[in-house]
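Asks: A single structure is presented below for examination.
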Amino acid sequence: MKRLPFFAYRSFRKELETRKRFAELGIRQFCVFPANTVNALGQPYSEYPPVWLGDRCYDFDAFDRPFDEILSFCPDAEFLLMADLNSPPWLVRKLQCLRQIGDSFSDVSGTLCNPFWNETTTHYLESLLDHAQSKYADHIRCVILACGATDEWMDYSLGAESEDKLRHFREWLRRNGRPDQESIPDISRRCHAPHNGGALRDPAEDRTAIDYWKFHSELVADGICKFAATARRHLRADQEIGVFYGYLMELGEKSLVSCGHLGYERTFRSKEIDFFISPGDYCDRAIGGGGGFQSLNGSIRLNGKHFLHELDHHTHTANLQLTPHLRVTWWNPWPNAKADIAGLRREFCRTLLHGASLWWFDMWGGYYSDPQVLRAIGEMKKLWDRLADSSLQPDAEVAMIADPESVLYCNDLLKGNPLCHIFQTCQRVCNRFGAPYVLYDRSDLPNLRRIPKLAILPLWVELDDARRELLERALPGTRLIWLGPCGLTNGQNWKQQSLPGLHLPEISDFTPELLRREAEAAGVHLYGELHLPLWATEHLLSCHSAESGTRHFHLKRRAAQIVELFSGRTVAERTADFDYTFDGPETALFELIPEAPGQEA
């Protein structure tokens, strides 16, 4: 039987009453996270006792408690099991006393080089999965491997060296035909960048640093793949493996390069990993914004994987008082229930129209306590049951294509480097020009199933003969926009090359208005007006608006009937053009019912 994408609930806290309410709405999938560590704010991730108590010492009674509590009120529950691979406090201290890197939360790349950490953590993962399978195999849908900062395989060490890491780096250099190095580049070399005011590295002068940062990401990616292979040996074929990784679209200063997420190509190709997860875009999630995926959704799909969208958006009832002494003050919750529903529907529609999965992340509780919000989630679940299909994809004729090797030139350790935010800017603009778009990687170009009419190339610093030939062969007739410093080196000399298409050296020149003009010139079908985030498939169209007012939409083909699904109201019949009056803030979802054969105009 065909399985729908995940539609699940997650919380750091027990929230048993909220879980019961979700079960009453027909939601049977729950993320369970038996954590052994503390979060970035120093608070325990889990309200349950830790499972991993010492080297080969586990408390599986503590592991069982959340599963048994959920099964007591939802006997047919399905579990998305997060496996916490981060170092518990006892392991951190043990390795520190041995003068070794041991805190995987702050230095996941360093710990991945530590033989004892790998052996100990692998034994824990295998023991955990064996126990889980012995008791809950029929309920476990997937296992999510969590490690690094915020459990998202982030490395916060800024590339710090260690004896074990040097050994791995020298082995990497030999495998890749690079000259041997006696040491890892020190911090002054790691952040050295002589071009664009310290923003960009030089292909020759900074080659060792560029190599090191590439090794740094590949080390994290290889670690993910290794643990995924271990997990696969303990799971059934129908139990999936997921991971938080590949956050190219969101990372910025002190993270775009140094967090270790540029090895995503390796993980996307891994035969062991089934899906990738990221929270919704943080830079464009306000009401009226377009939201976004942090990972390259098109590349994930092209590699035969799928995606889980984490809805951690802060509703007006969200609990941000973690303890009597600790309150989260740097987030801006949506202001009221009406805004909550508009924002959550926006994220729901994005997920639905991308054939992706989602979970409602009730982070520290209270996020979904408003009865109106809960009813809205229940209504979305009914639509999901009818419409969700993992094969759905937006009708995208515009593509953004990333080149991770060029991104390595960016010095993300330079404070205020605007190039660190080029992908965030790209997503904000693409959310507002009136048509869907898709996110790809350079390695996808030979395998595209649909050639885009317009392609955006952000930060393609490196433009050698191989890249030029690839673009010419894979994108014949495609209109190109080069965004930011592009074509500055062919691998040797730093010199601006001629670029086919439109080049915008200044990121601020890339606007929705400009993108819409270029899209029109390329023959892209524009579904809606400027500054209205929207998505469209063959039979669905969604649109989000902060403001009230009437907006016009233009379909590719005439529909027999256009029904707004959240209200159930028919808004137009036998037309390709229609108007809709928003009661802002509002997200609308239209079903485009096709005309019967022979009825087309």
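The values are calculated or read from the model by the stated rules, or taken from the named source; none is laboratory data. These figures come from a predicted structure and were not determined experimentally. FYI the Cβ positions are ideal-geometry reconstructions off the backbone, even for glycines, and counts take in every protein chain you see. Surface areas here come from the heavy atoms of the whole protein model, side chains and all, with no ligands, DNA or RNA. Shrake-Rupley method; radii C 1.70, N 1.55, O 1.52, S 1.80 Å.
Asks: Just name the residue that is most open to solvent (accessible area, probe 1.4 Å) out of those in the stretch 287-319 that are of a type in the set (A, V, I, L, M, F, W, C), within 24 Å of Ala396 (Cα to Cα) and assigned to a loop (DSSP other than H, G, I, E, B). Steps first, please.
Replies: Taking the stretch 287-319 and keeping what is of a type in the set (A, V, I, L, M, F, W, C), we get 287, 293, 296, 300, 302, 307-308, 311, 318.
Narrowing the set further to residues that are within 24 Å of Ala396 (Cα to Cα) leaves 287, 293, 296, 300, 302, 307-308, 311.
Checking the rest, the ones that are also assigned to a loop (DSSP other than H, G, I, E, B) come to 287, 293, 296.
Working: Ile287: 45, Phe293: 3, Leu296: 1 Å².
Result: Ile287.
Asks: Can you name the residue in the stretch 252-283 that is without any contact (Cβ under 8 Å) to a residue 40 or more places away in the chain and in a loop (DSSP other than H, G, I, E, B) and is also least open to solvent (accessible area, probe 1.4 Å) among such residues?
Replies: Looking at the filtered set, the residue picked out is Tyr282.
Asks: A further question follows. Can you list residue pairs whose Cβ atoms sit under 6 Å apart, with the first residue in the stretch 516-535 being under 24 Å from Gly343 (Cβ atoms) and the second being crowded, with 20+ Cβ neighbours inside 10 Å and aliphatic (A, V, I, L, M)? Count only pairs 6 or more apart in sequence or on different chains.
Replies: Listed by first residue and then by second, the contacts come to Tyr527/Ala435; Tyr527/Leu534; Tyr527/Ala536; Gly528/Leu534; Trp535/Leu353.
Asks: Right, here's the next one. Scan the stretch 183-208 and report the pairs whose first residue is closer than 18 Å to Gly416 by Cα and whose second residue is among the hydrophobic types (A, V, I, L, M, F, W, C) and open to solvent by 50 Å² or more (accessible area, probe 1.4 Å), with Cβ atoms within less than 7 Å and a gap of 6+ or a chain change.
Replies: Pairs that qualify, where the first residue is closer than 18 Å to Gly416 by Cα and the partner is among the hydrophobic types (A, V, I, L, M, F, W, C) and open to solvent by 50 Å² or more (accessible area, probe 1.4 Å), are Cys191/Leu414; Ala193/Leu414; His195/Trp494; Gly198/Leu414; Ala199/Leu414.
Asks: I'm checking my understanding of the structure. Among residues of the stretch 353-372 that are hydrophobic (A, V, I, L, M, F, W, C) and part of a loop (DSSP other than H, G, I, E, B), which one is surrounded by the fewest Cβ atoms within 10 Å (Cβ to Cβ)? Spell out how you get there, then give the answer.
Replies: Of all residues in the stretch 353-372, those hydrophobic (A, V, I, L, M, F, W, C) come to 353, 356, 358-361, 363-364.
Applying the additional criterion that residues be part of a loop (DSSP other than H, G, I, E, B) yields 356, 363-364.
Numbers: Ala356: 25, Met363: 21, Trp364: 18.
This residue is Trp364.
Asks: Within the stretch 373-385, is even one residue of a type in the set (D, E, K, R), open to solvent by less than 50 Å² (accessible area, probe 1.4 Å) and farther than 30 Å from Asn196 by Cβ? Reasoning before the result, please.
Replies: Just the residues of the stretch 373-385 that are of a type in the set (D, E, K, R), to begin with: 375, 379, 381-382, 385.
The next check asks that each one be open to solvent by less than 50 Å² (accessible area, probe 1.4 Å); those that pass are 381.
Add one more test, that the residue is farther than 30 Å from Asn196 by Cβ, and what stays is 381.
Yes, the stretch 373-385 contains at least one residue that is of a type in the set (D, E, K, R), open to solvent by less than 50 Å² (accessible area, probe 1.4 Å) and farther than 30 Å from Asn196 by Cβ.
Asks: Can you find a residue in the stretch 438-460 that is open to solvent by 10 Å² or more (accessible area, probe 1.4 Å), modelled with pLDDT of 95 or more and within 22 Å of Gly289 (Cβ to Cβ)?
Replies: For the stretch 438-460, residues open to solvent by 10 Å² or more (accessible area, probe 1.4 Å), modelled with pLDDT of 95 or more and within 22 Å of Gly289 (Cβ to Cβ): present.
Asks: I'd like the full set of residues that are under 19 Å from Trp482 (Cβ atoms) and in a helix (DSSP H, G or I), limited to the stretch 377-413. Reasoning before the result, please.
Replies: Filtering the stretch 377-413 for residues under 19 Å from Trp482 (Cβ atoms) gives 397-410.
Answer for the stretch 377-413, where residues must be under 19 Å from Trp482 (Cβ atoms) and in a helix (DSSP H, G or I): Pro404, Glu405, Ser406, Val407.
Asks: Of the residues that make up the stretch 221-239, is at least one among the aromatic types (Phe, Trp, Tyr) and part of a helix (DSSP H, G or I)? If you could, list the steps in order and put the result at the bottom.
Replies: In the first step, residues of the stretch 221-239 are kept if they are among the aromatic types (Phe, Trp, Tyr); the result is 227.
When the remaining residues are screened for being part of a helix (DSSP H, G or I), the result is 227.
Yes, because at least one residue in the stretch 221-239 is among the aromatic types (Phe, Trp, Tyr) and part of a helix (DSSP H, G or I).
Asks: Can you list the strands (runs of 3 or more DSSP E) lying wholly within the stretch 504-570 that have 3 or more residues being closer than 14 Å to Phe590 by Cα and open to solvent by less than 10 Å² (accessible area, probe 1.4 Å)? Step through it out loud before you land on a result.
Replies: Numbers: elements: 534-536, 540-545, 549-564.
Fully inside the stretch 504-570 and qualifying: 540-545, 549-564.
Asks: Suppose we keep only residues that are open to solvent by 10 Å² or more (accessible area, probe 1.4 Å), assigned to a helix (DSSP H, G or I) and out of contact with any helix residue (DSSP H, G or I) (no Cβ under 9 Å at 6 or more places or on another chain) within the stretch 101-146. Which one would you say is farthest from Leu81 (Cα to Cα)?
Replies: Among those residues, the one meeting the criterion is Glu119.
Asks: For the list (1) under 21 Å from Thr351 (Cβ atoms); (2) open to solvent by 10 Å² or more (accessible area, probe 1.4 Å); (3) more than 19 Å from the chain's Cα centre (by Cα), I need the number of the one condition that Asp465 fails.
Replies: (1)
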